[in-house]
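We did not get these values from a lab; they are worked out from the coordinates using the rules stated. These figures come from a predicted structure and were not determined experimentally. FYI the Cβ positions are ideal-geometry reconstructions off the backbone, even for glycines, and counts take in every protein chain you see.
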Amino acid sequence: MAERLKEVLRSQEKGHLVCISDTFTDLYRYNRKARRFWRTHFFIYGSWWDRLLVPNRVYYNTFVTRPYMDFADKANSAKWFHNMRDIWQGRDVVFIEGEKSRLGVGNDLFDGARSIRRILCPPCNAFDRYDDILTEAQKQEKGVLFLIALGPTATILAYDLFKAGYQAIDIGHVDVEYEWWKMGAHRKVKLERKYVNEAADGKQVSDAGEEYAQQIIAKINE
């Protein structure tokens, strides 16, 4: 997995957007907890970034999928979420997600999509089943939009699907961030029907409902 992630980070394929966290300058746009995390991160791993990043290339911002919780000023979050909806407006969307991630369940974030299908994957160590996940994804028609929430596996999968002629986005924690924004939460809290690995007791979830069950087209077990 590490070697594949390095490959993605160094990719210069035309049309493939490589995103990294926008934390190399001006950490004060983020809250205290986030600033502390990133200072520690760069103290430990800064030399790795120096070696792996390609000089003078343009990287995009991973925080497009985390537009709420870590920001000190959250005034722009509503606008960012609103603008993001244009990505899947009128599109046939296929979620590739952990078994309990449940993107969009209980909220209206993806209401603009023309259709939603789901490929469920192991909630942990999904990369162990990578070949099966990729094979299942490639059964879908080329016009779909893949939105992938599967930890670091999503980064690699989005890249491989792009190379296979699909449009795919590592959508990360955007749905959880949207839930927290709607709640006005100021810390990472558990959600009733969704797996939240960053919150205490976040692994305990209730039933997702019949509409969700009908959207599942494949399930890849651990």
* From the options Asn76, Asn31, Asn56, residue that is out of contact with any Lys or Arg (no Cβ under 7 Å at 6 or more places or on another chain), loosely packed, with under 15 Cβ neighbours inside 10 Å and closer than 27 Å to Lys182 by Cβ -> Asn76
* Asked: Is there a residue being of a type in the set (A, V, I, L, M, F, W, C), without any contact (Cβ under 8 Å) to a residue 24 or more places away in the chain and either surrounded by 12 or more Cβ atoms within 10 Å (Cβ to Cβ) or farther than 20 Å from Phe162 by Cα (or both) anywhere in the stretch 2-23?
  -> no
* Given the conditions (1) closer than 30 Å to Ala185 by Cα; (2) in contact with an Asp or Glu (Cβ under 9 Å, 6 or more places away or on another chain); (3) aromatic (Phe, Trp, Tyr), and given that Trp80 satisfies all but one, which numbered condition is not satisfied? -> (2)
* Asked: Going by the conditions given, is Leu52 within 29 Å of Gln12 (Cα to Cα) and out of contact with any strand residue (DSSP E or B) (no Cβ under 8 Å at 6 or more places or on another chain)?
  -> yes
* Asked: Among (1) surrounded by 14 or more Cβ atoms within 10 Å (Cβ to Cβ); (2) under 26 Å from Ala34 (Cβ atoms), which single condition is Glu99 missing?
  -> (2)
* Asked: So Ala154 fits all but one of (1) under 16 Å from the mean Cα position of the chain (by Cα); (2) touching a residue at least 40 places away in the same chain (Cβ under 8 Å); (3) surrounded by fewer than 17 Cβ atoms within 10 Å (Cβ to Cβ); what number is the exception?
  -> (3)
* **Output for the stretch 25-53, where each listed residue is in a loop (DSSP other than H, G, I, E, B) and within 21 Å of Asp170 (Cα to Cα)** => Leu53
* **Hits in the stretch 54-79 - residues which are polar (S, T, N, Q) and not in a helix (DSSP H, G or I)** => Asn56, Asn61, Asn76
* Determine, yes or no, whether Lys188 is more than 15 Å from the chain's Cα centre (by Cα) and within 28 Å of His82 (Cβ to Cβ). => yes
* When you look at Ala137, is it more than 16 Å from the chain's Cα centre (by Cα) and surrounded by 21 or more Cβ atoms within 10 Å (Cβ to Cβ), yes or no? -> yes
* Asked: Within the set of pairs 6+ apart or on separate chains, which have a first residue in the stretch 208-222 that is more than 13 Å from Ile96 (Cα to Cα), a second that is polar (S, T, N, Q) and surrounded by 11 or more Cβ atoms within 10 Å (Cβ to Cβ), and C-beta atoms under 8 Å apart?
  -> Glu222/Asn125
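Out of everything in the stretch 60-73 that is surrounded by 11 or more Cβ atoms within 10 Å (Cβ to Cβ) and over 17 Å from the mean Cα position of the chain (by Cα), what residue ends up being nearest to Gln167 (Cα to Cα)?
Phe71
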